[in-house]
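First the structure, in the form of structure tokens, and then the observations on it.
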Amino acid sequence: MPFGRSKRASMGLPLSKTGVRRGDALFHGAAVAAAALVPVLMAGLFVELAYGSRLSLEKFGFGFLVSAAWNPVTGNYGAASSIYGSLVSTAMALIIAIPLSLFIALFLVELAPPRLARPVSGAIELLAAIPSIIYGMWGLFVLAPFLADHVEPALQAAFGHIPVIRALFAGPPMGIGMLPAGLILALMVLPFTTALMRDVLQLVPPVLKEAAAGMGSTTWEVFRKVMIPYGRRGLIGAGFLGLSRAIGETMAVTFVIGNSHSISASLLASGNTIASTLANEFTEASDPLYLSALIELGLVLLVMTFLFQVAGHLWLSRLGRKTGGGQ
Amino acid sequence: MSTIRASVHGAPASAGPMPKAAHTGAISVRHLNFYYGSHQVLFDNTLEIPGRSVTAIIGPSGCGKSTHIRVYNRIYEMYRGQRCTGEIFLDGENILGSSVDLIELRRRIGMIFQAPAPFPMSVFDNVAYGLRLHYQLPRSELVDRVEDALKGAALWDEVEAKLHHPGTALSGGQQQRLCIARALAVEPEVLLMDEPTSAVDPVGTAKIEELVQRLKERLTVVIVTHNMQQAARISDRTAFFFEGRIVETGETTALFTNPSKKQTEAYITGRFG
């Protein structure tokens, strides 16, 4: 036995070791190449967009971001109304979707009996699988007439006499505009944020919930004072994921937002977003400056998304340092 | 968990957490049976726990020690399918009754768990948690009571300078004493401890055992432990559990030196468990 073992070691080992080394180097190279693809693609995308928008960049400079003009006839373009629309519709979507998601997640994790939690979870995941064009058509043919006939007149009746707030609901109730866009976006963001928040809340250790309940907390207090703080990093992350989804969503918004290059305080008025403008106007962009302005809009969207991600990371790392705990 | 805390919040703020004189924290368990679904795990447990004393519950793993004390504050009710029959009297009142205010019950009966469970907030906020939940105290009184509770849990000197650091940043033993301080802050009559030192190093364990000795001047301690030396060191009375039944109860010294049942003797002499 000892003889056989030493023989194998002296003869076989050096050979097989070089084999391992060669394979390892290959594996290492493949992994590095795959990982390098991401920043290279990102940089390539950025450079391509910047290059494509050079005409517009030269002509309008920084003014592109603050001008609300959009006139293909005179060749005058500004991104302000699209940026405004993207921000407002996304904010509306998050204001509606995040609390709703939290409550659904709480229900699924803490309150629902398993035989109810499973089908509800499944239905939520199904919502995420519906193509956005279906949401858009539903928004245009079902939601918009309903809003125009019932919800918007009711909102005007309720808030029409209150100064300042009145401006939010001014104008004819058409069922097309910022309000339906925000609602549709909320509906589209909801399944993602809910599924993520459910997973985050499921990670709260049972002993922590028992300790909180054992102090005399109600279910709501356990949720608000212990589970949310414990999972806050994951919950905020879920919110930012919802934000990225909402700000880039194109088709459904294009159907219901009205697609006008205007900034209006009223949620009932039509507007546009960066993504909806791109979807609508690319086919019409005949002259180079028009096309260049649209590409610059794309660049603006990319930079905005990037800035939101950076802000999210900064917020999370600050939270982590300050309070500890949680994930 | 649906009980409303109106009775506590409705009280004038100046009333503060003052235990009533008649409350000594004596517990009397009568014919307690416990079921996980249709599976019975506790059988006809009857146990007298005198007020202001330390009672140890010992027995092999899975004998129902933890399940038994989890009935006292009705924490088992968080889970579907767990139920019990029987009666548990705290100072003469049946706490298993349907009219009992769960929230007030859990203020009167605190619980410490096997794993330290500091909440994801600062040391101060951890201790103030129950006070904020049950009372509306002016800030200065809140600060005083937090300090008292931390002193009561022998933790003040170690955390005085880091009251606003996260509770999770403390050592394991300190975290467990933080949980004890959190429970003490609302001045409970009973403190349930479910293997409180099993996740704590020897130095931390010694501190917690010393603390338990001092706590019995103020409240009743019921401590579940798998460590017989610990039971012998710190308890006045001991109950030996086996397969969901209480085999033997008595003065700790008597039970350890002269057990009356064969099973008790076999367990404490290390023949099983």
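The values are calculated or read from the model by the stated rules, or taken from the named source; none is laboratory data. A quick note: this is a predicted structure, and the numbers were derived from the prediction, not measured. Because the Cβ atoms are built from the backbone with ideal geometry, glycine has one as well, and the counts that use them run over all protein chains shown.
Is there a residue in segment A:300-311 that is over 27 Å from residue A:101 (Cβ atoms), away from chain B (no Cβ under 14 Å), crowded, with 17+ Cβ neighbours inside 10 Å and not aromatic (Phe, Trp, Tyr)? Yes, because at least one residue in segment A:300-311 is over 27 Å from residue A:101 (Cβ atoms), away from chain B (no Cβ under 14 Å), crowded, with 17+ Cβ neighbours inside 10 Å and not aromatic (Phe, Trp, Tyr). Looking at A:216, A:175, A:234, just one residue is part of a loop (DSSP other than H, G, I, E, B) and within 14 Å of chain B (Cβ to nearest Cβ), and that residue is A:216. Considering every residue within segment B:206-221, establish whether at least one is within 22 Å of residue A:208 (Cβ to Cβ) and crowded, with 18+ Cβ neighbours inside 10 Å. Within segment B:206-221, one or more residues are within 22 Å of residue A:208 (Cβ to Cβ) and crowded, with 18+ Cβ neighbours inside 10 Å.
Count, please, the residues in segment A:127-145 that happen to be under 22 Å from residue A:105 (Cβ atoms), surrounded by 11 or more Cβ atoms within 10 Å (Cβ to Cβ) and not hydroxyl-bearing (Ser, Thr, Tyr). Lay out the reasoning, then the answer.
Narrowing segment A:127-145 to residues under 22 Å from residue A:105 (Cβ atoms): A:127-130, A:135.
From the residues that got through so far, the ones that are surrounded by 11 or more Cβ atoms within 10 Å (Cβ to Cβ) too are A:127-128, A:130, A:135.
Narrowing the set further to residues that are not hydroxyl-bearing (Ser, Thr, Tyr) leaves A:127-128, A:130.
Residues that pass the stated criteria total 3.
Can you spot a residue in segment A:101-111 that is among the small types (Gly, Ala, Ser) and surrounded by 21 or more Cβ atoms within 10 Å (Cβ to Cβ)? Yes, that holds for at least one residue. Condition check: touching a strand residue (DSSP E or B) at 6+ places or on another chain (Cβ under 6 Å), closer than 30 Å to residue A:299 by Cβ and assigned to a helix (DSSP H, G or I). Does residue A:44 satisfy that? It is false that residue A:44 is touching a strand residue (DSSP E or B) at 6+ places or on another chain (Cβ under 6 Å), closer than 30 Å to residue A:299 by Cβ and assigned to a helix (DSSP H, G or I). The residue that is modelled with the lowest pLDDT, among those in segment B:97-124 that are in contact with a Phe, Trp or Tyr (Cβ under 7 Å, 6 or more places away or on another chain) and within 12 Å of residue A:208 (Cα to Cα), is B:120.
Return the residues of segment B:224-236 that are within 15 Å of residue B:47 (Cβ to Cβ) and either among the β-branched types (Val, Ile, Thr) or surrounded by fewer than 22 Cβ atoms within 10 Å (Cβ to Cβ) (or both); say none if nothing qualifies. Scanning segment B:224-236 gives B:224, B:236. What about residue B:104, is it touching a residue at least 40 places away in the same chain (Cβ under 8 Å) and of a type in the set (Asp, Glu)? So residue B:104 fits the description; yes. Just one residue in the set A:317, A:264, A:260 is surrounded by fewer than 16 Cβ atoms within 10 Å (Cβ to Cβ) and either out of contact with any helix residue (DSSP H, G or I) (no Cβ under 7 Å at 6 or more places or on another chain) or within 14 Å of another protein chain (Cβ to nearest Cβ) (or both); that residue is A:317.
Taking segment B:68-99 as the range and being among the aliphatic types (A, V, I, L, M) and in contact with a strand residue (DSSP E or B) (Cβ under 7 Å, 6 or more places away or on another chain) as the test, the residues that pass are B:69, B:71, B:75, B:88, B:90, B:95, B:96.
Taking each residue of segment B:241-252 that is without any contact (Cβ under 8 Å) to a residue 24 or more places away in the chain and of a type outside the set (A, V, I, L, M, F, W, C) and looking for partners that are surrounded by 18 or more Cβ atoms within 10 Å (Cβ to Cβ) and outside any strand (DSSP E or B) with beta-carbon atoms closer than 6 Å, six or more apart or interchain, yields B:248/B:264. Annotation: residue B:189 fulfils all but one of (1) away from chain A (no Cβ under 11 Å); (2) farther than 22 Å from residue A:218 by Cα; (3) crowded, with 21+ Cβ neighbours inside 10 Å; the unmet one is (2). Taking helices (runs of 4 or more DSSP H) as the structural unit, those lying wholly within segment A:113-172 and holding at least 1 residues that are more than 26 Å from residue A:259 (Cβ to Cβ) correspond to A:114-129, A:152-159.
Please specify each residue of segment A:198-213 satisfying the condition of being at the interface with another protein chain (Cβ under 9 Å from one of its Cβ atoms) and either closer than 22 Å to residue A:114 by Cα or not in a helix (DSSP H, G or I) (or both). Full working, then the answer.
Initially, segment A:198-213 is screened for residues at the interface with another protein chain (Cβ under 9 Å from one of its Cβ atoms), giving A:205-213.
Listed by number, the residues that qualify are A:205, A:206, A:207, A:208, A:209, A:210, A:213.
Those helices (runs of 4 or more DSSP H) of segment B:65-171 in which at least 3 residues are within 13 Å of chain A (Cβ to nearest Cβ), considering only elements entirely within it, cover B:65-72, B:102-108, B:123-134. From the list B:150, B:137, the one residue that fits, being crowded, with 20+ Cβ neighbours inside 10 Å and among the hydrophobic types (A, V, I, L, M, F, W, C), is B:150. Would a scan of segment B:102-115 turn up a residue that is farther than 30 Å from residue A:233 by Cβ and surrounded by fewer than 17 Cβ atoms within 10 Å (Cβ to Cβ)? Yes, segment B:102-115 contains a residue that is farther than 30 Å from residue A:233 by Cβ and surrounded by fewer than 17 Cβ atoms within 10 Å (Cβ to Cβ). For segment A:202-232, taking the residues that are over 26 Å from residue B:71 (Cα atoms) and not aromatic (Phe, Trp, Tyr), the one that is farthest from the chain's Cα centre (by Cα) is identified as A:229. Here residue A:180 qualifies as crowded, with 24+ Cβ neighbours inside 10 Å, in contact (Cβ under 8 Å) with a residue 12 or more places away in the chain, at negative phi and in the same structural domain as residue A:132 (by TED's automatic domain parsing). Residues in segment B:76-101 that are of a type in the set (A, V, I, L, M) and touching a residue at least 60 places away in the same chain (Cβ under 8 Å) were compared, and the one that is nearest to residue B:191 (Cα to Cα) is B:90. Among the residues making up segment A:156-174, those that are touching a residue at least 40 places away in the same chain (Cβ under 8 Å) and within 29 Å of the chain's Cα centre (by Cα) are A:167, A:168, A:169, A:170, A:173, A:174. When we screen A:195, A:186 for residues that are more than 14 Å from chain B (Cβ to nearest Cβ) and under 30 Å from residue B:78 (Cα atoms), the only hit is A:195. Residue A:198 satisfies every condition listed in (1) surrounded by fewer than 24 Cβ atoms within 10 Å (Cβ to Cβ); (2) on the phi > 0 side of the Ramachandran plot except (2). Out of (1) under 16 Å from the mean Cα position of the chain (by Cα); (2) in contact (Cβ under 8 Å) with a residue 60 or more places away in the chain, the odd one out for residue B:130 is which? All conditions pass for residue B:130, except number (2).
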